[in-house]
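Structure record follows, encoded as structure tokens.
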Amino acid sequence: MAQVTLNQVRKVYPNGAEALEPSTFTIPDGELCVLVGPSGCGKSTMLRMVAGLEDITEGEISIGDRIVNDIDPADRNIAMVFQNYALYPHMTVARNMGYGLKNRGMDKGQIAAKVREAAEMLNLTEFLDRRPSQLSGGQRQRVAMGRAIVREPDLFLFDEPLSNLDAKLRNQMRIEIRALQRRLGTTAMYVTHDQVEAMTMADRIIVLSNGHIEQIGTPNEIYEHPASTFVASFMGAPPMNLLEADAAQGRVTLKNGEVVPQASVNGHAGAVTVGIRPEDIMPSPQGDLTLDVDIIEELGAQRLLHGQMGGQAFSVAVPKDQEASTGEMRLALKPNAVHLFDADQGRRLG
Amino acid sequence: MKRAAFGHIGFPILLLLPQLVIIAIFFYWPAAYAVQSSFYAQDMFGFTSTFVGLENYTRLAGATNYVNALNFTVIFTVLVTFFSLTIALLLAVKADKVIRGAKTYRTLLMWVYAIAPPVAGLIGVMLFDQSRGNLTQFLASFGYEFRLGVNYWDTASAMIAVSVWKQIPVNFIFFLSGLQAIPRSVREAALIDNRSGTSRFWDITFPLLAPTGFFLLIINITYSLFDTFGIIDTLVKSEPGNNPLTLVYRVYVDGFRGGDLGGSSAQSVVLMILVLILTIVQFRFLERRIHYT
Ligand SMILES: Nc1ncnc2c1ncn2[C@@H]1O[C@H](COP(=O)(O)OP(=O)(O)OP(=O)(O)O)[C@@H](O)[C@H]1O
Ligand SMILES: [Mg+2]
């Protein structure tokens, strides 16, 4: 068990690309922390530095109370699950899982017992004598999990472990991994670019963009108080609507002259960005805002109305039992629906 | 796959004909001729030949110089195969780790591949030359007098050294691409599972290279047996004397120098059988070669 701390950690690759700007944060013991962000934002880089697979350009990483900068990956007491599982193709499932233990000098009987225990936990018992090539993708994924579990590490590192699975299996494994991590109480870092995975699994989410941390917070904080337009549009599906608007005399006015209710600007004046989640607004004849709907998208439990608000793209989610048609309609906000960001930097206002 | 339908059996045969003719003229006909002449004895000028049954073969088994050549060929093949494989593997493992200037390094190593065997032999002759050879002088500085073409084991070492040197690039290319085919994440997983680089090599890298290694083993045995002819020929300067000779070179010496076509043919037939066995081994094992994916 261990907490993980990054202190001003920076990564510049030999080709000069800065993959991670100096970053500082702590993951408390036993938490599952999700690193999320678009492709190429530096998630894997950060994880690989913690694993010791990549040099740390500047700063310090500690696991527990040890600074691990100069410690070999094998000595960091971590376990990693790779996107393509990275199983040893020439070893049976049992040997795959036991290999790390063998190298720590554990005796055969003990290894076999641990492997069997993990295999039972993951429903892998009948596959212990098979090679990875004789397993399905989901089973390989489990073996990779098993290999991580048997080591009883201080820290689990997951790099997009579910992205090679089909949607159904992914949902199931997501829940299993979460439950397993809870049960074992092992600190974990989990990389994904899937924001649903991030929201459902995380105790804490770190949103990365272009090599810097946009926001750190619980899933709820990230959803309720996105720190920037980037976080606002990246986290949440369907994504938050972002509208250009003007603030003056304490009021926020859209391009079509409609005033956005609830928007309190605290003396800020000039161009702002208004953020409203599609699920935070609903059709209402007395509403203050006008939407010109041109497309209706059926999603089963709800439908999405896509259209224009003051000349800018806007979407609304309505429950499936609510009538919807194309053309002009009035919309009213639910409480606390408006997020305001400054127009240049995209930082949250208030 | 889509099956093409031919109306008549004649058409596919017609398409295959050029290939079949070439194989028949250049492979089967000489082979059949060798088998046939291995049962005959010819006079010195090749005018008359008499059927002698298996005498050419029994004569081989009894001939000390043939048995010597056989023994030497075994030693030669084992050493050349062993050293060219291990040195190439070592170089490939090192090259695989090189990040900066990797291309240059690899190209330099591969150049040797483009050198024809007799030229390699000539370079060997120059290096081991009695009076001017760099290696001869180098050894002389340790007080060892290296006598190529005179001392049996000196000549043998030169043959082995040049043959190994010539074969390393081929093995290197195969080993390197074999190494690069091992997924990076598998190596990284091993890095987390095992602190010792040496034991990682034996536990992970080596087994994953085994299919490549086995393929190269067969290729190298064949090379040592047959393709070293040019090297040996230049090194012994076409003067076999009491120099070490491989079986293939003996076929040439006995047949074309000694004029013993019957005995030479019998030796060829023995070699053909050897190749046949190697081929069968190769197919049986390579076909079953495990594809780890
Ligand atoms: N070995 C390397 N050398 C140079 N640049 C690299 C190297 N590895 C990654 N990068 C760069 O660093 C940045 C971050 O890469 P990283 O692999 O961490 O992204 P990621 O967030 O994991 O993306 P993905 O979701 O696609 O896996 C990218 O711009 C990438 O091009
Ligand atoms: Mg990645």
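Any read-out appearing in this document is the output of simple, stated calculations on the displayed coordinates, not a laboratory observation. None of these values were measured; they are calculated from a predicted model. Glycine also receives a Cβ, built like all others from the backbone with ideal geometry; neighbour counts cover every protein chain displayed.
Annotations for the structure displayed:
- Full-stretch length increase - B:Asp227, B:Val98 - with 0.36 nm per residue and alpha-carbon distance subtracted: 43.3 nm
- Contact order relative to length of chain A, as percent, for alpha carbon pairs under 8 angstrom and 6 or more apart: 16
- Once the Cβ-Cβ distance of B:Arg195 and A:Glu221 is raised to the sixth power relative to R0 = 45 Å, the FRET efficiency obtained is 0.70.
- Gaussian network model of chain B, springs between alpha carbon atoms under 10 Å - residue of B:Leu191, B:Leu135, B:Leu109 with greatest fluctuation: B:Leu191
- Here the Karplus relation 6.51 cos²θ - 1.76 cosθ + 1.60, evaluated at θ = phi - 60°, turns the backbone of the range B:104-120 into coupling constants of 4, 4, 5, 4, 4, 5, 7, 3, 3, 4, 7, 7, 6, x, x, 5, 4 Hz, with x for every Gly and Pro.
- Pairwise label distance in nanometres, B:Phe215 with B:Phe27, each label 7 Å out on the Cα-Cβ vector: 2.0
- Dipole magnitude of the protein assembly as shown about its Cα centre (Cβ charges: Lys, Arg +1; Asp, Glu -1), debye to nearest 20: 1940
- Listed by chain and number, the aspartates and glutamates whose C-alpha is less than 13 Å from the C-alpha of A:Lys11, apart from same-chain residues fewer than 8 away, are A:Glu21, A:Glu54, A:Asp55, A:Glu58, A:Glu60.
- Dipole of chain B, positive direction: furthest Cα of B:Val78, B:Thr136, B:His8, with charges on the beta-carbon: B:His8
- For the protein assembly as shown, the spherically averaged projection of the C-alpha convex hull amounts to 46.4 nm².
- Compactness of chain B as Cα Rg over 2.2 N^0.38 Å, two decimals: 1.24
- Amide N proximity, the range A:28-62 versus A:Glu18 label position 7 Å along Cα-to-Cβ, cut-off under 17 Å: A:41-43, A:45-46, A:56-60
- Alpha carbon centroid spacing (whole Å) that separates the range A:83-129 from the range B:137-184: 43
- In this structure the amide hydrogen of A:Arg204, modeled in the peptide plane, comes within under 5 Å of the amide hydrogens of A:Leu32, A:Val34, none closer than 5 places in sequence on its chain.
- Contact order normalised by residue count of the range A:50-118, Cα under 8 Å, 6+ apart, percent: 20
- Cut-off 15 Å, label 7 Å out along Cα→Cβ of A:Glu328, residues of the range A:269-295 by amide N: A:284-294
- The modelled label-to-label distance for the pair A:Ala269/B:Phe285, using points 7 Å beyond Cα in the direction of Cβ, is 8.7 nm.
- Binned Cα-Cα distances of chain A, short to long, each 20 Å bin given as a whole percent: 27, 47, 23, 3
- Stretched out straight at 0.36 nm per residue, the stretch from B:Asp43 to B:Gln137 would grow longer than its current Cα-Cα span by 29.2 nm.
- Chain A: DSSP helices with Cα axial extent of at least 15 Å and average Kyte-Doolittle hydropathy no lower than -1.0: A:108-121, A:137-150, A:167-184
- Distance between the pseudo-spin-label points of B:Leu274 and A:Glu152 (7 Å out from Cα toward the beta carbon): 5.9 nm.
- Shape category assigned to the range A:202-350 from the gyration tensor of Cα positions, a/c cut at 1.5: oblate
- Computed lengthening from A:Ser284 to A:Val196, 0.36 nm per intervening residue step minus Cα-Cα distance: 28.7 nm
- Spin-label zone in the range A:276-306 - amide nitrogen under 19 Å from a point set 7 Å from the Cα of A:Ile175 along the C-beta vector: A:301
- What the Cβ-Cβ distance of B:Asn65 and B:Ile87 gives, at R0 = 35 Å and to the nearest 0.05, is a FRET efficiency of 0.65.
- Comparing B:Leu276, B:Leu216, B:Leu60 along the charge dipole axis of chain B, the residue lying farthest to the positive side is B:Leu216, per the Cβ-charge model.
- Of A:Met145, A:Val191, A:Gly270, farthest towards positive along the dipole that unit charges on Lys, Arg, Asp, Glu beta carbons give chain A: A:Met145
- Inter-centroid distance (Cα atoms) of the range B:217-247 relative to the range A:14-56, Å: 58
- For chain B, a crude dipole built from +1 on the beta carbon of Lys and Arg and -1 on the beta carbon of Asp and Glu, taken about the Cα centre, is about 1240 debye to the nearest 20.
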